[in-house]
Amino acid sequence: METMSWGAELWDQFDSLEKHTQWGIEFLDRYTKFIKERCEIEVNYAKQIRNLSKKYQPKKSLREEEESKYTSCRAFLATLNELTDYAGQHEVIAENLTAKIVSELGRYIQDLKAERKSHFHDGRKAQQHMENAWKQLESSKRRFERDCREADRARQHFEKMDADINVTKADVEKARLQAQMRAQIAEDSKSEYSSCLENFNQEQNQHYHTLLPLIFQRIQEMEERRVEQVGVCMKTFAEVERQVLPIVGTCLDEMSRAAESIQPKALLNSLPEERRTHSHIRILHQHLASGSGGVKTSQTQDSQQVVECYKSGFEPPGDVEFEDYGLKRTASDSNLSHTRSRSKSKLWPFIKRNRGSGSEDLSHLPPEQRRKRLQAKIQDIGRHLQKELDEKEALTKMKDVYQKSPQMGDPSSVEPRLAEICENIDRLRLEAQKFEGWLAEEEGRLPVKSDPPRKQSGPYGTKNSSSCGQDRESPDGSYTEDQNLEMQQRSQSNEMADKFEDEEPLPAISTCKVLYPFEGQTEGTMSVSEGELLHMIEEDKGDGWTRVRRNDEEEGYVPTSYIQVFLDNSGQDS
C-alpha cells in the first residue's frame with residue numbers, strides 16, 4: 001500500500017511542519033492532562049465526569065477546525081461524548097488510568113520531544129548549508145562581474161594608449177601587460193563562477209531530492225507513531241473502564257472503536273476532495289451511533305490531512321542559469337548595471353516570500369489554501385444568511401398575526417427589527433456573491449446565476465413568491481409601509497411609462513430562462529411560466545427584481561432569483 005510522502009508534497013513547508021509537530025506534542029500534553037483530571041474527578045462519580053467532558057468539548061463558537069480534520073482528534077471527541085453516560089465510577093479506575101496511561105504517555109512525550117528536536121536540527125542544518133552555498137555563489141558571480149568590468153576597462157585603456165602617438169613604448173607595453181593580467185583574472189573568475197554554479201546546482205538537487213525528503217520521511221514516521229500512540233492510549237482508557245464497569249460496556253465498545261478508527265497510514269477513499277472532511281465526520285458519527293464496523297475505510301488518514309492542510313501548490317525551483325560576463329562583449333557600464341539589477345530581482349527559494357499581511361480576497365494564501373478558505377467562508381455566510389431568513393419569516397408571520405388580531409400586539413413594533421434583518425440579508429447576499437466570484441476566479445470558472453427560491457432549500461433564495469408582496473418591496477428598490485402608498489407609486493410609475501411610450505424601446509441586453517412560475521399580481525410585474533424564454537432589458541439594481549420583455553410587446557418586472565440569465569453576443573451577464 002502506497003502512502004503520501006511529505007517530502008514530495010511539502011518540500012517548501014518546513015516551518016509549517018515544525019509548528020504541526022509542536023502542536024502534536026501539545027496535543028499529547030493536553031490529552032495527558034485530560035487523563036489526570038479524569039482520575040481526579042473519578043471519586044466524585046457521575047456529576048464530576050460529566051463536567052469534565054463538558055470542559056474539554058470544543059466550544060461551538062470557537063471550534064478548532066484544523067484539529068477536527070485528524071482521525072485522532074475525532075476519536076478523542078467521540079470519547080468525550082461517551083463520558084456523559086458514565087455514572088457510579090470506582091476509585092480503581094483512577095489508579096489504573098494513572099499507571100497505564102499517564103505514566104507511559106509522560107515517558108513517551110519526553111522521547112518524542114528529543115526525537116523531534118534532532119530531526120528539525122538536521123533540517124535547519126541542511127537549510128543553513130544551502131543558504132551558505134547560495135551566498136558563496138552570489139559572491140562568485142559578483143566577483144566575476146567585477147573582474148569582467150575591470151578587464152574591459154583595461155583593454156579599452158590599452159587600445160587608447162596604443163593609438164596615441166605621444167605615448168611612449170614603455171607606457172604602451174605596461175598598459176598591454178595590465179590588460180592581459182586583467183583578462184586572465186576575469187577568465188579565472190569565470191572558471192570559478194562556473195564551477196561554483198555547477199556545485200550549487202548539484203547540492204541543491206541533492207538537498208531537494210535526497211536529503212530533505214529523507215528528513216521529512218523521518219518526521220512523517222515520527223508523527224504517524226505519535227498518532228498511533230494516541231489510539232493505543234485511548235483504547236487502553238476504554239479497556240480500564242471495561243474491567244470495572246460492565247454496566248457501561250456498550251459505551252466502552254464505542255470508545256474502543258473510536259480509538260481503532262485512527263488511521264495514521266491508511267489510504268484515501270474514493271470520495272471527492274471537496275466532500276472528504278464533512279463526509280468522513282458524518283460517517284464517523286453514523287458509525288458511532290449505529291455500532292457498526294467499517295470506519296477505517298471511511299476516514300481520511302492523518303498524513304494526508306497534513307498534506308491537504310499545508311500544501312501550497314508551488315513547484316520546486318529549477319537549476320540557476322549561467323550568466324556570462326565574458327570579454328567578447330563591449331557592453332557599457334550602464335548595461336552591466338542593468339544586468340546586475342535584473343539578476344538581483346530573481347528570488348531564491350530560501351528567501352522568505354512576502355505574501356502581505358492578509359487581504360480580504362485571501363490572495364496572499366497559496367492556491368490550495370485560498371480555495372479551501374473561500375469555500376469555508378461561503379458556507380459560513382450561508383449559515384448566517386439562513387438564520388436571518390428564518391428570523392425574517394418568523395417576524396413576518398408575527399406581524400401578520402398582529403395585523404389580524406390587534407389585541408395580541410402592535411404590528412409596527414416588529415417593523416424596525418424586520419427592516420434591520422432585510423438589510424442584513426442584502427449585505428450577506430452581496431458578501432456571498434463577492435466570495436463566490438473570488439472562488440470562481442480561483443477555480444477558473446464563471447458562476448451561473450441560478451439561485452432557487454427558498455422552497456428549494458437554497459441558502460440564498462427567498463422564501464416564496466408571496467414574500468416579496470409581504471415585504472412590499474417595489475422593483476425600483478423602494479420600501480413602502482402602506483399598500484395604498486405602494487399602489488400610488490405604481491400608478492405614478494405607469495404614468496411615466498405612458499408618457500414615454502412613444503420613445504424608442506429599451507434594447508435587449510441578454511436572454512434569460514424562467515426557472516419557476518411567478519404570478520404578477522401587482523402593477524409593474526409580469527406573470528411568467530416555467531421554461532419560458534424572455535429578453536432582459538434592465539439588470540437587477542440590488543432590489544431583487546429584473547426587467548424583462550416578451551416578444552417585443554409585454555414588459556415587466558420578475559424576481560431575479562426566478563430566472564437564469566445567459567450571456568449574449570456583447571458578453572454581458574446578470
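The values are calculated or read from the model by the stated rules, or taken from the named source; none is laboratory data. All values reported here derive from a predicted model rather than from experimental measurement. Glycine also receives a Cβ, built like all others from the backbone with ideal geometry; neighbour counts cover every protein chain displayed. Only protein heavy atoms, including side chains, enter the accessible area calculation; ligands, DNA and RNA are left aside. Shrake-Rupley method; radii C 1.70, N 1.55, O 1.52, S 1.80 Å.
Of the solvent-accessible surface of segment 1-54, computed with a 1.4 Å probe over protein heavy atoms with every protein chain present, carbon and sulfur atoms account for 47 percent. Subtracting the Cα-Cα distance of residue 23 and residue 519 from their residue separation scaled by 0.36 nm leaves 172.7 nm. Extension gain for the segment residue 184 to residue 111, taken as residue separation times 0.36 nm less the Cα-Cα distance, is 20.5 nm to one decimal.
Taking amide H as placed 1.01 Å from N in the peptide plane, residue 525 has its amide H under 5 Å from the amide H of 557, each at least 5 places away in sequence or on another chain.
Computed from the C-beta positions of residue 551 and residue 430 and an R0 of 30 Å, the FRET efficiency is 0.35 to the nearest 0.05. Heavy-atom accessible surface of residue 140, to the nearest 10 Å², is about 0 Å², with a 1.4 Å probe and all protein chains retained. Using R0 = 30 Å, the C-beta based FRET efficiency linking residue 401 and residue 541 works out to 0.35.
Pairs with C-alpha atoms separated by more than 18 Å, drawn from the list 54/100; 377/541; 372/434; 69/311, are 54/100; 377/541.
Using the Cβ of residue 244 as centre and a radius below 12 Å, the other residues enclosed give a net charge of -4, where K and R count +1 and D and E count -1. Solvent-accessible surface of segment 158-235, averaged per residue with a 1.4 angstrom probe and all protein chains in place: 58 square angstrom. Approximating the spin labels as points 7 Å out from Cα along Cα→Cβ, the residue 532-to-residue 380 distance works out to 4.2 nm.
Surface composition of segment 67-190: carbon plus sulfur atoms contribute 50% of the solvent-accessible area (1.4 Å probe, protein chains only, all chains present).
For residue 393 and residue 131, a Förster radius of 56 Å and the Cβ-Cβ distance give a FRET efficiency of 0.35, rounded to the nearest 0.05. Full extension of the chain between residue 323 and residue 415 yields a length gain of 25.8 nm, computed as 0.36 nm times the residue separation minus the alpha carbon distance. Working note: Karplus 6.51/-1.76/1.60 with θ = phi - 60° gives segment 121-129 the couplings 5, 4, x, 5, 5, 5, 5, 5, 4 Hz, where Gly and Pro are set to x. How big is D for segment 63-212, in µm² s⁻¹ as a whole number, if Stokes-Einstein is applied with the Kirkwood radius of its Cα pairs at 10 °C and 1.306 mPa s? Estimated via Stokes-Einstein, D reaches 70 µm²/s. Spin-label model, residue 33/residue 85: points 7 Å from Cα along the beta carbon direction are separated by 2.9 nm.
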